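**Student:** Structure below; questions to follow.
Coordinate-derived values only; no laboratory data. Here the structure is a predicted model, which is why all the values come from computation and not from measurement. Neighbour counts run over all protein chains shown; Cβ positions are idealised from the backbone, glycine included.
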Amino acid sequence: MNNDHCYLCKNAKIEAIYRLGDRIIYRCPHDDLFFSVDKKIKKNLYDLTYYDASPYGQCLPLNDYYFEQKLVEIKSVTRETKPTILDVGCGWGNFLQVLQKNQISYLGIDSSSEAIKICKINKLNSQKIDLLELSQKNRQQFSAITLFQVIEHLKNPVEYLKATKKLLKKDGVLLITTPNNQSPLRYLSGSHWSIYQTPSHYFFYSATTLKQIFAAAGFKNVKIKVDRFRFFSFSYIWQKLFKKNYLFL
């Protein structure tokens with residue numbers, strides 16, 4: 001990720017949209033990609049404080065249904081009743097728990113030691129490893145790969161998408177969720193939108209820029225739709241409100 005030009009089209013005529021302390025949100029007028037640049041070197045963004053509160057917590061039963069439906073979609077697209085699934089950026093392991101309950105063969109990976117500790121406590125099959133490293137060691141073994149709210153955290157999304165292609169079986173499916181930079185709340189919230197305020201978010205995608213990112217990585221059959229609603233736990237929302245004046249999705 002380069003700070004002086006657009007990641008997608010390499011256009012150097014980028015526009016500063018918001019200044020949030022040491023961070024600047026830019027927009028490329030050519031392809032409408034929004035991205036953030038931080039003037040300071042960041043500390044570890046995924047330390048213990050990041051995992052203080054689960055996004056779902058007491059709302060987990062409601063969100064179990066969300067992840068159950070994702071599994072149904074994967075089975076339908078792959079036409080496999082027992083697909084093998086790689087969950088990238090598995091975090092607290094919420095999707096992994098659903099997969100384990102349904103006796104699905106899976107692996108969860110995360111670059112955060114704290115995330116993997118939580119998964120290990122819950123006896124989930126997880127590993128601290130970066131996706132790029134995993135793709136160098138393995139080839140075509142997963143029916144599906146999932147990235148729930150992960151791609152906006154990646155500085156080099158095209159490289160990571162290419163890595164998923166190496167790990168997917170022929171006709172495998174890549175399922176990604178990410179905040180919508182064209183959502184009504186984004187326009188209403190402006191610079192106060194929680195997605196802009198989160199330091200670990202580097203890119204902010206619309207349907208158009210998502211398609212461009214996928215095309216750059218070599219994907220051809222891409223479908224984009226509005227995601228199902230998820231319920232966040234009170235403790236998670238309170239933590240975010242206490243730290244910043246956030247507005248959520």
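**Student:** Rank by packing, highest mean first: peptides 87-95, 29-37, with packing defined as the count of other Cβ atoms within 10 Å averaged across residues. Write down the numbers at each step before the final one.
**Tutor:** Details: 87-95: 24.8, 29-37: 18.3.
Packing proxy ranking, top to bottom: 87-95, 29-37.
**Student:** Order 120-128, 184-192 from most to least packed using the mean count of other Cβ atoms within 10 Å.
**Tutor:** Values: 120-128: 15.2, 184-192: 12.8.
Descending mean neighbour count gives 120-128, 184-192.
**Student:** Any idea how far apart HIS5 and LYS82 come out in nm if each label point goes 7 Å out from Cα toward Cβ?
**Tutor:** Roughly 5.1 nm, to one decimal.
**Student:** If you restrict to DSSP beta bridges whose two residues both lie in the chain, what percentage is antiparallel, to the nearest 5? Display every interim value, and only then the final one.
**Tutor:** On the way: 12 of 29 bridges.
The antiparallel proportion sits near 40 percent.
**Student:** Additional query: Only residues of the stretch 79-104 count here: report those whose backbone N is under 20 Å from the spot 7 Å along Cα→Cβ of LYS220, or say none.
**Tutor:** Taking a point 7 Å out along Cα→Cβ of LYS220, the residues of the stretch 79-104 whose backbone N falls under 20 Å are 79.
**Student:** Quick one: which residues, 5+ away or cross-chain, put their amide H under 5 Å from the amide H of TYR202? H built at 1.01 Å from N.
**Tutor:** HIS153, LEU154
**Student:** Using a cut-off of 15 Å between beta-carbons, work out the net charge of the residues near LYS123 (Lys and Arg +1, Asp and Glu -1, LYS123 not included). Don't jump to the answer; show the numbers that get you there.
**Tutor:** On the way: positive: LYS101, LYS117, LYS120; negative: none.
Around LYS123, the charge tally is +3.
**Student:** Based on the Cβ-Cβ distance of LEU188 and ASN138, what FRET efficiency does E = 1/(1 + (r/R0)^6) give at R0 = 35 Å, to the nearest 0.05? Don't skip to the answer; put the middle values down first.
**Tutor:** Working: r = 44 Å, r/R0 = 1.24.
Computed FRET efficiency for LEU188 and ASN138 comes out at 0.20.
**Student:** If amide hydrogens are placed 1.01 Å from N in the peptide plane, which non-local residues have theirs closer than 5 Å to the one on ASN11?
**Tutor:** Sorted by chain and number, the residues that satisfy this are CYS6.
**Student:** Still on this structure: Given 0.36 nm per residue, what is the gain on full extension from LYS40 to SER113 after removing their alpha carbon distance, in nm? List each step's numbers first, then the result.
**Tutor:** On the way: separation 73, 0.36 × 73 = 26.28 nm, distance 2.34 nm.
Full-extension gain reported as 23.9 nm.
**Student:** If you wrap a convex hull around the Cα atoms of the chain, how much volume per residue is inside, in Å³?
**Tutor:** Values: hull volume 31.5 nm³, N = 249.
Convex hull volume per residue, Cα atoms: 126 Å³.
**Student:** Looking at ILE151, GLY172, LEU131, which one has the Cα that reaches farthest to the positive end of the dipole of the stretch 15-243 (charges on Cβ: Lys, Arg +1; Asp, Glu -1)?
**Tutor:** Working it through, the farthest residue towards the positive pole turns out to be GLY172.
**Student:** Taking amide hydrogens as modeled 1.01 Å from N in the peptide plane, which residues meet the under 5 Å criterion relative to ASN181, leaving out close sequence neighbours?
**Tutor:** When sequence neighbours closer than 5 places are left aside, the close amide H contacts are TYR205, SER206.
**Student:** Separate question: From the P(r) of the stretch 62-103, can you give the percent of Cα pairs sitting at distances over 17 Å?
**Tutor:** Working: 212 of 861 pairs.
Of all Cα-Cα distances in the stretch 62-103, 25 percent exceed 17 Å.
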